[in-house]
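In what follows, a structure is listed as structure tokens, so that the remarks can point back to it.
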Protein chains: 2
Amino acid sequence: MRALALTGGVGGAKLCFGLAQILEPDELRIVVNTGDDEEFHGLYVCPDLDTVMYTLAELSNPHTGWGIKNETFATLSALDRLGQETWFGLGDQDLATHIVRTQMLRQGNSLSEITEHFCRHLGLGHQIVPMSDDRIRTTVETDIGTLPFQTYFVRHRCEPTVTGLRFDGSDSSEVSPGFSESLESSDALIFCPSNPYLSVAPILSIPSVRKRIEDFKGPRLAVSPIVGGQALKGPAGKILAELGEDVSCIGVARQYVGLCDVFVIDELDRDLADDVRNLGMEAVVMNTIMNNNRDKVELARNLLQAVTEADVR
Amino acid sequence: MRALALTGGVGGAKLCFGLAQILEPDELRIVVNTGDDEEFHGLYVCPDLDTVMYTLAELSNPHTGWGIKNETFATLSALDRLGQETWFGLGDQDLATHIVRTQMLRQGNSLSEITEHFCRHLGLGHQIVPMSDDRIRTTVETDIGTLPFQTYFVRHRCEPTVTGLRFDGSDSSEVSPGFSESLESSDALIFCPSNPYLSVAPILSIPSVRKRIEDFKGPRLAVSPIVGGQALKGPAGKILAELGEDVSCIGVARQYVGLCDVFVIDELDRDLADDVRNLGMEAVVMNTIMNNNRDKVELARNLLQAVTEADVR
């Protein structure tokens, strides 16, 4: 079985870690949102790609889910001393990734090639690929104005009220070669428990992606990042509410109508299974909360079981 | 009195610190060699400029004379993990300087403007300026081939035998605006105790500089970096020998014939004073070894005294 996982950062990365413990490198390709990418101090930062890489390499900070464990911030302090804005907390180890990525981009390498280079040096066998090698910028329309994603997310701590989202550059972008190949050759597609607006929508904004997922030949699963009416992490609940959607797994499920055959909800949301089915998707109930590596592997195993049992098309 | 100090890294920086404790900001301009500059990991590094800046800001590592005190190397370790060559030991705090410099260069700022920006943020009143805003690369011809300066200096620890030196790019370079202005307006010129081949020769390689120093209207002093037949720091002695020159303050003094009125030698070399005079320069003897801040200020004070007493032109 060959699975294609679509993911954002922290929550999705946890599931990808679980999948990577079960599936062989040639059985899994992980496609990552790059709409959050931003330049800081002239360095090109890809937060979601890095979170997935660090999580699979077991380098990630277990307390935050992003960044590197045992990280220090000496360069950031020195950047502050030199008059730079330092609201985006780049760690010393993490900076090496951005320094090398920036150098390799300037040398003409694609983001796909650079990510492959990193994975090789971090000893990762599984393929992690950006959704696109082109620059797509998630831009957040809010009550205080239009903000670049990281300005909204980190600088303003998601406090402004969201009125809309744009994915600047997506019109002229193309899917990365690895993503494109995987859409053709994979047997199953898994939407990881990522923010539907901030992590999945940018992927879907790339021309042809929505259509190709609608036409995908195998079972398509999605895992709700909202459990018991709350986001497990991040602003998904707040944004669902601000955009007039139910703050529940049903609000998430509605985003996947036509794109997903099996919608996975948590045990806590068991009573909403029929509402999922009413949207035209199969509903599968399981524990989706991942507090440790065992939870991640367990969820991955149960999802792959659901894939093989999916009665679709 | 307005003094113009020409300097390389560690030894010269110590004297500049001393001068800056005595002279007001508008009485001193420090012009720094940039022939050692190199890109590492896509970041633009100016070792001598940074050493002078850090020394004046009292940030420098007192044990090495270069780098920043209490420095850590987390980014370098992570760069190594990502497959980068890490023989040039960039510290975490130091990296902030190179990151900001690279960003500002890409934004179109000159090295002079960037250095001024750094000095302002480090609270330095005295002007530190690069010898040129153009790229001049010191290149070392050796028995194992032609090497970029840092490859010779750091990677090969100055071990290859030097057969010649080139300053690539100098033919088409110009002096920086601050250097040019200072050559016109200063009352005295001080060659700091820097390596004549590696630190001073690149400055002299810029078109018109040698002529303008020959024509300089005030007293010109040079301080020998060779004391008692040995370099106080670095490969000056080894290079003098390899290029067939005396490994003594006289070997250094010969490099300054026509450029210098007063040659300052250490008490240890008192018996060579007449040899200096035979080269057509006034010889002044004083302690030139700087082991602490008091020594630096003392040497600066004695040099400035020698300047005022210089009986030249």
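Tally time: how many residues in the stretch B:72-89 are in contact (Cβ under 8 Å) with a residue 24 or more places away in the chain, open to solvent by 30 Å² or more (accessible area, probe 1.4 Å) and facing another protein chain (nearest Cβ under 8 Å)?
Number of matching residues: 1.
Can you pull out every residue in the stretch A:90-131 that is in a helix (DSSP H, G or I), aliphatic (A, V, I, L, M) and either at the interface with another protein chain (Cβ under 7 Å from one of its Cβ atoms) or within 20 Å of the chain's Cα centre (by Cα) (or both)? I'd like the intermediate steps shown before the answer.
Initially, the stretch A:90-131 is screened for residues in a helix (DSSP H, G or I), giving A:92-106, A:111-121.
Imposing the further condition that a residue be aliphatic (A, V, I, L, M) reduces the set to A:95-96, A:99-100, A:104-105, A:111, A:114.
Listed by number, the residues that qualify are A:95, A:96, A:99, A:100, A:111, A:114.
Can you tell me which residues in the stretch B:49-64 are of a type outside the set (A, V, I, L, M, F, W, C), in a loop (DSSP other than H, G, I, E, B) and either buried (at least 19 other Cβ atoms within 10 Å of the Cβ) or in contact with a strand residue (DSSP E or B) (Cβ under 8 Å, 6 or more places away or on another chain) (or both)?
Answer for the stretch B:49-64, where residues must be of a type outside the set (A, V, I, L, M, F, W, C), in a loop (DSSP other than H, G, I, E, B) and either buried (at least 19 other Cβ atoms within 10 Å of the Cβ) or in contact with a strand residue (DSSP E or B) (Cβ under 8 Å, 6 or more places away or on another chain) (or both): just B:61.
Here are B:151, B:139, B:163: which of them is of a type outside the set (Asp, Glu), in a helix (DSSP H, G or I), touching a strand residue (DSSP E or B) at 6+ places or on another chain (Cβ under 9 Å) and farther than 30 Å from residue B:18 by Cα?
Values: B:139 fails: in a helix (DSSP H, G or I); B:163 fails: in a helix (DSSP H, G or I).
B:151 is the lone residue from the list that is of a type outside the set (Asp, Glu), in a helix (DSSP H, G or I), touching a strand residue (DSSP E or B) at 6+ places or on another chain (Cβ under 9 Å) and farther than 30 Å from residue B:18 by Cα.
Taking residue B:32 as meeting all but one of (1) among the aliphatic types (A, V, I, L, M); (2) within 14 Å of another protein chain (Cβ to nearest Cβ); (3) touching a residue at least 40 places away in the same chain (Cβ under 8 Å); (4) over 16 Å from residue B:154 (Cβ atoms), write down the number of the exception.
With respect to (1) among the aliphatic types (A, V, I, L, M); (2) within 14 Å of another protein chain (Cβ to nearest Cβ); (3) touching a residue at least 40 places away in the same chain (Cβ under 8 Å); (4) over 16 Å from residue B:154 (Cβ atoms), residue B:32 is out only on (2).
Could you identify the single residue in B:172, B:186 that is modelled with pLDDT of 95 or more, within 24 Å of residue B:113 (Cβ to Cβ) and either open to solvent by less than 10 Å² (accessible area, probe 1.4 Å) or touching a Gly at 6+ places or on another chain (Cβ under 8 Å) (or both)? Let's see the steps before the verdict.
Working: B:172 fails: either open to solvent by less than 10 Å² (accessible area, probe 1.4 Å) or touching a Gly at 6+ places or on another chain (Cβ under 8 Å) (or both).
None of the other options fit; the residue is B:186.
If you go through the stretch A:247-257, how many residues are free of Cβ contacts under 8 Å to residues at least 40 places away in the same chain, in a loop (DSSP other than H, G, I, E, B) and crowded, with 18+ Cβ neighbours inside 10 Å?
Going residue by residue through the stretch A:247-257, those that are free of Cβ contacts under 8 Å to residues at least 40 places away in the same chain are A:247-251, A:253-254, A:257.
Next, only the ones that are in a loop (DSSP other than H, G, I, E, B) stay: A:247-248, A:257.
Keeping just the survivors that are crowded, with 18+ Cβ neighbours inside 10 Å gives A:247-248.
Qualifying residue count for the region: 2.
Looking only at the stretch A:258-275, count how many residues are open to solvent by 40 Å² or more (accessible area, probe 1.4 Å) and within 19 Å of residue A:308 (Cα to Cα).
The qualifying residues number 0.
Output yes when any residue across the stretch B:141-154 is closer than 19 Å to residue B:37 by Cβ, within 14 Å of another protein chain (Cβ to nearest Cβ) and at pLDDT 95 or above, and no when none is.
Scanning the stretch B:141-154, I find no residue that is closer than 19 Å to residue B:37 by Cβ, within 14 Å of another protein chain (Cβ to nearest Cβ) and at pLDDT 95 or above, so the answer is no.
Regarding residue A:300, is this residue within 22 Å of the chain's Cα centre (by Cα), at pLDDT 95 or above and of a type outside the set (Ser, Thr, Tyr)? Spell out the reasoning first.
On the way: within 22 Å of the chain's Cα centre (by Cα): yes; at pLDDT 95 or above: yes; of a type outside the set (Ser, Thr, Tyr): yes.
When the stated conditions are applied, residue A:300 passes them.
For the structure I just gave you, tell me whether residue A:278 is without any contact (Cβ under 8 Å) to a residue 12 or more places away in the chain and either open to solvent by 60 Å² or more (accessible area, probe 1.4 Å) or of a type outside the set (A, V, I, L, M, F, W, C) (or both).
Judged against the criteria, residue A:278 is a match.
Among the residues of the stretch A:4-31, how many are of a type in the set (Gly, Ala, Ser) and in a strand (DSSP E or B)? Talk me through it step by step, then tell me what you get.
Initial filter on the stretch A:4-31 (of a type in the set (Gly, Ala, Ser)): A:5, A:8-9, A:11-13, A:18, A:20.
Still in the running and in a strand (DSSP E or B): A:5.
Of the residues in the stretch A:4-31, 1 are of a type in the set (Gly, Ala, Ser) and in a strand (DSSP E or B).
Residue B:44 fails exactly one of the following numbered conditions: (1) under 19 Å from residue B:189 (Cβ atoms); (2) hydroxyl-bearing (Ser, Thr, Tyr); (3) surrounded by fewer than 24 Cβ atoms within 10 Å (Cβ to Cβ). What is the number of that condition?
(1)
Of the residues B:67, B:83, which single one is on the phi > 0 side of the Ramachandran plot and modelled with pLDDT under 95? Break it down stepwise before answering.
On the way: B:83 fails: modelled with pLDDT under 95.
Matching residue, one of B:67, B:83: B:67.
Out of (1) under 28 Å from residue A:98 (Cβ atoms); (2) buried (at least 17 other Cβ atoms within 10 Å of the Cβ); (3) in contact with a Pro (Cβ under 8 Å, 6 or more places away or on another chain), the odd one out for residue B:152 is which?
For residue B:152, the exception is condition (1).
Between residues in the stretch B:90-119 that are farther than 24 Å from residue B:70 by Cα and residues that are of a type in the set (D, E, K, R) and at pLDDT 95 or above, which pairs lie under 8 Å by C-beta distance while being six or more apart or on different chains?
B:104/B:113; B:110/B:133; B:111/B:101; B:111/B:133; B:112/B:133; B:114/B:101
Looking at (1) at pLDDT 95 or above; (2) surrounded by fewer than 16 Cβ atoms within 10 Å (Cβ to Cβ); (3) part of a loop (DSSP other than H, G, I, E, B), which is the one condition that is false for residue B:244?
So residue B:244 meets the others, but not (1).
The values are calculated or read from the model by the stated rules, or taken from the named source; none is laboratory data. This one's a predicted model, so the numbers in the text were calculated from it and none came from an experiment. With ideal geometry, Cβ positions are generated from the backbone for all residues, glycine too; neighbour counts draw on all protein chains shown. For the accessible areas, the whole protein counts, side chains as well, though only heavy atoms, and no ligand, DNA or RNA atoms are used. Shrake-Rupley method; radii C 1.70, N 1.55, O 1.52, S 1.80 Å.
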